[in-house]
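The values are calculated or read from the model by the stated rules, or taken from the named source; none is laboratory data. Note that the coordinates shown come from a computational prediction; the quantities given were computed from them, not determined experimentally. Cβ: placed from backbone, ideal geometry, glycine included. Neighbour counts: every protein chain shown. When the accessible area is computed, the model is the full protein with side chains, heavy atoms only, and any ligands, DNA or RNA have been set aside. Shrake-Rupley method; radii C 1.70, N 1.55, O 1.52, S 1.80 Å.
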Amino acid sequence: MTNAVVYLRVSHDPEGREQSITRHREDCRKLCERNGWDVVEECVDNDISASRYSRKRRPGWARVLELVEAGVADRIVAWDLDRLMRQSRDLEDLIDRAEKGLPVATLSGDIRLDTADGRFIARILVAKAAKESDDLSRRIKRQRLAAAQAGRPVANIQAFGWDSTGMATIEHEAEAIRDGARRVLDGEIGITGLAREWTAKGYRRPKSAGEWSSTTVRGVLTLPRNAGLAVYQREVVGDAVWEPIIDRVTYERLLRLFADPARKQHTRRVTTFTGVFRCGRCEQKLARDSTSGKVVWR
């Protein structure tokens, strides 16, 4: 009995519908049924690229290698070879594991990585897939530069104060930015205090469910798009077409404030019992701190 692991991967599926995954699963399952292979597991990497430009890990692919290494699977099944990999280093790693006769089956046919001809074909196919990734990356970069130069968003936005299009604001978040900028500039509140306030009010950080910090608040207040500036690869390239949250003068004042060298000279925090409490092991003085909202002494 041949034990097959089915690997399913699609590069782009931001809504998580898995429509392509479903089609590929059906085709791979039929291939296994025709050949009498027993499917021991399906490993899925949805909305994850295999190119060198991707920063995402591929847990599904890592699981495939685990099953192969453990001897649980003696055949890999995929819709096409470029669904498995688009980098030569990944292929060479698989070849090292396939020296004992691990075949890779696709809808286009088997590839024997334990033979010279099979390795030759696989290397050509992966090199072709890598070039396609390079060509696509170059086109996308050029399109995004053109969009930024025209003052349009270069991609879907995940920024506090903005909806996913990057063209419209989320008004209660935008008001928090305007109010926070004014109060910080007036010296009414510091960014650490503003971080605590935003956390207490339940404002969600973009790409994270964690609490706000002085660093993340500073990042929001100095975000160029809030002042109506278009950015490409962290460089301002011109005026944007969307309505800004704060005016340019306020934005530049914030930049000057946070760039002031005097702000980096932190005064040592003194509270009740500072210099009094000492560690029971090393006799060093303890300082008051907080972790997850709880007061601790370090």
Checklist line | Per residue, in Å², the accessible surface of the stretch 172-228 once ligands and nucleic acids are set aside, probe 1.4 Å | finding: 49
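Quick check for the chain: number of Lys pairs with alpha-carbon distance under 19 Å, counting only pairs 8 or more apart or on different chains?
Final tally of qualifying lysine pairs is 4.
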Next item on the list: Would you look at the GNM of the chain, springs on alpha carbons closer than 10 Å, and say which of Val236, Val72, Val276 moves the most?
Entry: Val276
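May I ask you to rank Phe160, Phe258 by accessible area, largest first, using a 1.4 Å probe over the protein chains only?
Working: Phe160 10, Phe258 30 Å².
Result, largest first: Phe258, Phe160.
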Checklist line | List His24, His172, His12, ordered by accessible area with a 1.4 Å probe, largest first | finding: His12, His172, His24
Item checked: Among (1) 36; (2) 49; (3) 19, the entry derived from the coordinates for percent of Cα pairs over 34 Å apart -> (2)
Check: Tell me, what % of the accessible area of the chain is carbon and sulfur with a 1.4 angstrom probe?
Finding: 48
Checklist line | Under 12 Å, Cβ to Cβ, from Glu243 - net charge with Lys/Arg +1 and Asp/Glu -1 | finding: -2
Check: How much of Thr2 can a 1.4 Å solvent probe reach, expressed as accessible area in Å² and rounded to 10?
Finding: 40
Check: Which value at 222 nm does the chain reach when only helices count, each DSSP H run of 4 or more adding -39,500 (n - 2.57), with the total divided by all residues and rounded to the nearest 500 deg cm²/dmol?
Finding: -13000 deg cm²/dmol
Next item on the list: Rank Ala98, Gly109, Ala159 by how far each Cα sits towards the positive end of the charge dipole of the chain (+1 on Lys, Arg Cβ; -1 on Asp, Glu Cβ) and give me just the farthest.
Entry: Ala159
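Let me have the relative contact order for the stretch 219-266, percent, based on Cα pairs under 8 Å that are six or more residues apart.
Numbers: 42 pairs, mean separation 15.7, N = 48.
Computed value for the stretch 219-266: 33 percent relative contact order.
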Item checked: Solvent-accessible area of Lys56 with every protein chain in place, 1.4 Å probe, in Å² to the nearest 10 -> 110
Check: Can you work out ³J(HN,Hα) from phi for every residue in the stretch 11-25, in order, using Karplus 6.51 cos²θ - 1.76 cosθ + 1.60 and θ = phi - 60°, giving whole Hz and x for Gly and Pro?
Finding: 6, 10, 7, x, 8, x, 6, 6, 5, 5, 4, 4, 5, 5, 4
Notebook entry, point to check: If ligands, DNA and RNA are left out, what is the accessible area of Lys285 with a 1.4 Å probe, given in Å² to the nearest 10?
Noted result: 120
Notebook entry, point to check: Out of residues 5 or more away from Val231 or on other chains, whose amide H comes under 5 Å of its own, with H placed 1.01 Å from N in the peptide plane?
Noted result: Val237
Check: the chain: longest stretch without exposed GluC sites (Glu not before Pro) (DSSP loop, at most 12 other Cβ within 10 Å), sites themselves excluded?
Finding: 189-282
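If we count every other residue with Cβ under 10 angstrom of Ser213's Cβ, Lys/Arg +1 and Asp/Glu -1, where does the sum land? Working shown, then result.
Working: positive: Arg196, Arg205, Arg218; negative: Glu211.
Summing Lys and Arg as +1 and Asp and Glu as -1 gives +2.
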Check: Out of Ala287, Pro206, Ala70, whose Cα points farthest toward the positive end of the dipole of the chain (charges: +1 Lys, Arg; -1 Asp, Glu; placed on Cβ)?
Finding: Ala287
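Averaging sequence separations of C-alpha pairs under 8 Å and six or more residues apart, then dividing by the length of the chain, give the relative contact order as a whole percent.
Once normalised by length, the contact order is 11 percent.
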Item checked: Cβ charges +1 (Lys, Arg) and -1 (Asp, Glu), total dipole of the stretch 53-129, debye -> 440
Next item on the list: Sort Met85, Met167 from largest to smallest accessible area, using a 1.4 Å probe on the heavy atoms of the protein chains.
Entry: Met167, Met85
Next item on the list: Can you tell me the dipole magnitude for the stretch 5-104 around its Cα centre, using point charges on the Cβ only (Lys, Arg +1; Asp, Glu -1), in Debye to the nearest 20?
Entry: 260
Checklist line | Virtual spin-label span in nm between Ser137 and Gln233, 7 Å along Cα→Cβ | finding: 1.2
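Given Cβ point charges of +1 (Lys, Arg) and -1 (Asp, Glu) and nothing else, what value in debye, to the nearest 20, does the dipole of the chain about its Cα centre take? Don't skip to the answer; put the middle values down first.
On the way: 54 positive and 44 negative charges, 288 e Å.
Dipole magnitude for the chain comes out near 1380 debye.
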Checklist line | Karplus 3J(HN,Hα) series, Hz, for the stretch 71-88 with 6.51 cos²θ - 1.76 cosθ + 1.60 (x for Gly, Pro) | finding: x, 6, 10, 10, 7, 9, 10, 9, 5, 8, 5, 6, 6, 6, 7, 9, 10, 4
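Using the Cβ atoms and a cut-off under 13 Å, what net charge is assigned to the surroundings of Val231, where Lys and Arg are +1 and Asp and Glu are -1? If you can, show how the numbers build up before the last one.
On the way: positive: Arg144, Arg152, Arg225, Arg234; negative: Glu235, Asp239.
So the environment of Val231 carries a net charge of +2.
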